[in-house]
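Only one structure is covered here, and it is reproduced in the block below.
The values are calculated or read from the model by the stated rules, or taken from the named source; none is laboratory data. Keep in mind the model is a prediction, meaning the values are calculated, not measured. No Cβ is skipped: glycine too gets one built from the backbone with ideal geometry, and neighbour counts run over all protein chains shown.
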Amino acid sequence: MAKNSTEKKELLNTEIAVLGKAKIPSPLKRCYFIDDNDRTLVNLAEEDMGLTDDRTVYQEFEKSGPRAFTYFDPSKTKCAVVTCGGLCPGLNDVIRSIVLEAHYLYKVSSVLGVKFGLQGFIPKYGHDVVELTADKVANIHQFGGTMLGSSRGPQDPEEIVDALERMNISVLFMIGGDGTMRAAQKIVKEINKRNVRISIIGIPKTIDNDIGFVTKSFGFDTAVDKATEAIQSAHVESLGVVNGIGLVKLMGRESGFIAAQATLALKDVNFVLVPEHAFEFDGEYGLLRSLEKRLDERQHAVIVCAEGAGQEQCEYTGEKDASGNPILCDVCTLLIRKVKEHFKEVGKDFTLKFIDPSYIIRSVPANANDCVYCGFLGQHAVHAAMAGKTDMVVSRLQARYVHLPLDLVTLKRKKLNVKSDYWRAVLESTGQGHLRNDMEKDICQL
Ligand code: ATP
Ligand code: MG
């Protein structure tokens, strides 16, 4: 397999693999195409890369977009689409965009939908493959979820490539999170071993916005919108009684982006708890005393808690889910118990209303911004695939659409930088500066 050449020595290897030379004139009627040597220079901040130090580097990336020549002959090209992992707003929009672009612009011979994630490739599950015509996807963006279904749990890459060969698939679009991208890498490895010409293109999905080198993942904007509705309800509930506490649990297993952004959007939140920022329940600067002070002063409080926050407060049981992710301790249940114990001890009454909107947020249709974004991702994925690129994902990095090698997005999880101006603004809007831990003492004195 050939690699596009680059003479520059760079910090990261951003070369994109290609199946071979693209020689077929593109069927797209355009006045200009993107040249493969066109690079976009991005000033990567630590947030983009998931680095924890203060490094910023300039890095060149291959631009996405239509090429003048395709590698695959559209009339003989059969594509397939699969969605894996948890639900996220915008999945149907990406599927729709891929199908419409492939049919109307490239006029490929067919696009197949693989049902229920990677299970759909494995004969023993007996899932049917569906033909995705333009008619079939016409209205799917009006609904949340994924029209193809999804699944978790490992599947054998050999069996997956067997299925791709059996169905004569030239391009597989894989929409999913970090697990899916790891599965994609294994599929590419198997394809290379067999020396067959199949392109694997990933479209990174993470509602938590925690994939490296993707500035904002699709669905995140919608998730923040819906999260703010839950916070508003919690705020109203907390105002309706004396010493009312509204507690909202939001997604964010390892990164607190949704909690932070929704907090900034409303400025009704008094405490935001995220995985990146350890906190304590007890002690003068602990959450319980701070909450008590807040209620003494204002008689109501809103707490937003990302699902992965406060894991340092519990013992890890070692349990894992079907995808091998550690099962997190239920920090909100612990928090509710601690609040009850504390207020009983100090002899004060309170009323706590707990809202967990996670499954509502995951399953809604994408908002207008995300619809636009998903449209671009689908189009760019098809352009890349038709040009014969593989082992890559399409990404919007800052304001640019680029191609990224698969191994880059699985390198490191993106996390909130608790030393950043952004996080400082979050803390300023909650006023929780007094909720300190040892680390924060030196970085944030509000
Ligand atoms: P989410 O953001 O919802 O977690 P995800 O893509 O990470 O999305 P997973 O369930 O972890 O969701 O993975 C999707 C599919 O990829 C599953 O079928 C899973 O078995 C497979 N997979 C996950 N990790 C790997 C891996 N390291 N190697 C091969 N396959 C994997
Ligand atoms: Mg995952």
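Tabulated data for the structure shown
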{"item": "Test: residue in the stretch 324-334 that is aliphatic (A, V, I, L, M), within 16 Å of ligand 2 (Cβ to nearest atom) and modelled with pLDDT under 95", "result": "yes"}
{"item": "From the options PHE220, PHE213, residue that is of a type in the set (Phe, Trp, Tyr), over 26 Å from THR351 (Cα atoms) and at pLDDT 95 or above", "result": "PHE220"}
{"item": "Helices (runs of 4 or more DSSP H) wholly inside the stretch 301-391 that include at least 1 residues being small (Gly, Ala, Ser), surrounded by fewer than 21 Cβ atoms within 10 Å (Cβ to Cβ) and without any contact (Cβ under 8 Å) to a residue 40 or more places away in the chain", "result": "368-386"}
{"item": "Given (1) at pLDDT below 95; (2) within 16 Å of ligand 1 (Cβ to nearest atom), number of the condition LEU28 does not satisfy", "result": "(2)"}
{"item": "Residue check for THR222: more than 16 Å from ligand 1 (Cβ to nearest atom), within 30 Å of ALA265 (Cβ to Cβ) and part of a helix (DSSP H, G or I)", "result": "no"}
{"item": "Total residues in the stretch 157-186, condition within 21 Å of ALA102 (Cβ to Cβ) and within 12 Å of ligand 1 (Cβ to nearest atom)", "result": "6"}
{"item": "Long-range neighbours under 9 Å by Cβ, at least six apart or interchain, first residue over 17 Å from GLY126 (Cα atoms) within the stretch 140-157, second within 12 Å of ligand 1 (Cβ to nearest atom) and part of a loop (DSSP other than H, G, I, E, B)", "result": "ILE140/THR146; GLY144/LEU87; GLY145/LEU87; THR146/LEU87; THR146/CYS88"}
{"item": "Where LYS193 falls short, out of the listed (1) buried (at least 19 other Cβ atoms within 10 Å of the Cβ); (2) over 20 Å from PHE72 (Cα atoms); (3) modelled with pLDDT of 95 or more", "result": "(1)"}
{"item": "Qualifying positions in the stretch 192-213 - farther than 19 Å from GLY117 by Cβ and more than 12 Å from ligand 1 (Cβ to nearest atom)", "result": "ASN192, LYS193, ARG194, ASN195, VAL196, ARG197, SER199, GLY212, PHE213"}
{"item": "Which listed residue, of LEU411, LEU397, LEU404, is modelled with pLDDT under 95 and under 21 Å from GLY219 (Cα atoms)", "result": "LEU397"}
{"item": "Inter-residue pairs, beta-carbon under 6 Å, first surrounded by fewer than 22 Cβ atoms within 10 Å (Cβ to Cβ) and in the stretch 66-87, second of a type in the set (D, E, K, R), 6+ apart", "result": "PHE69/LYS23; PRO74/LYS107; LEU87/ARG362"}
{"item": "Residue list for the stretch 59-117, filter: basic (Lys, Arg), in contact with a His (Cβ under 6 Å, 6 or more places away or on another chain) and away from ligand 1 (no atom under 16 Å from the Cβ)", "result": "ARG96"}
{"item": "Residues located in the stretch 81-118, provided they are within 16 Å of ligand 2 (Cβ to nearest atom) and at negative phi", "result": "VAL82, THR83, CYS84, GLY86, LEU87, CYS88, LEU91, LEU118"}
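Yes/no matrix, rows are residues, columns are (1) of a type in the set (Val, Ile, Thr); (2) within 16 Å of ligand 2 (Cβ to nearest atom):
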position: LEU164; (1), (2): no, no
position: PHE173; (1), (2): no, no
position: ILE187; (1), (2): yes, no
position: GLY202; (1), (2): no, yes
position: ILE207; (1), (2): yes, yes
position: LYS226; (1), (2): no, no
position: VAL236; (1), (2): yes, no
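Yes/no matrix, rows are residues, columns are (1) surrounded by fewer than 24 Cβ atoms within 10 Å (Cβ to Cβ); (2) in contact with a Phe, Trp or Tyr (Cβ under 9 Å, 6 or more places away or on another chain); (3) not charged (D, E, K, R):
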residue: THR215; (1), (2), (3): yes, no, yes
residue: ALA227; (1), (2), (3): no, no, yes
residue: ALA230; (1), (2), (3): yes, no, yes
residue: PHE257; (1), (2), (3): no, yes, yes
residue: THR263; (1), (2), (3): no, no, yes
residue: LYS267; (1), (2), (3): yes, no, no
residue: ASN270; (1), (2), (3): no, no, yes
residue: VAL274; (1), (2), (3): no, yes, yes
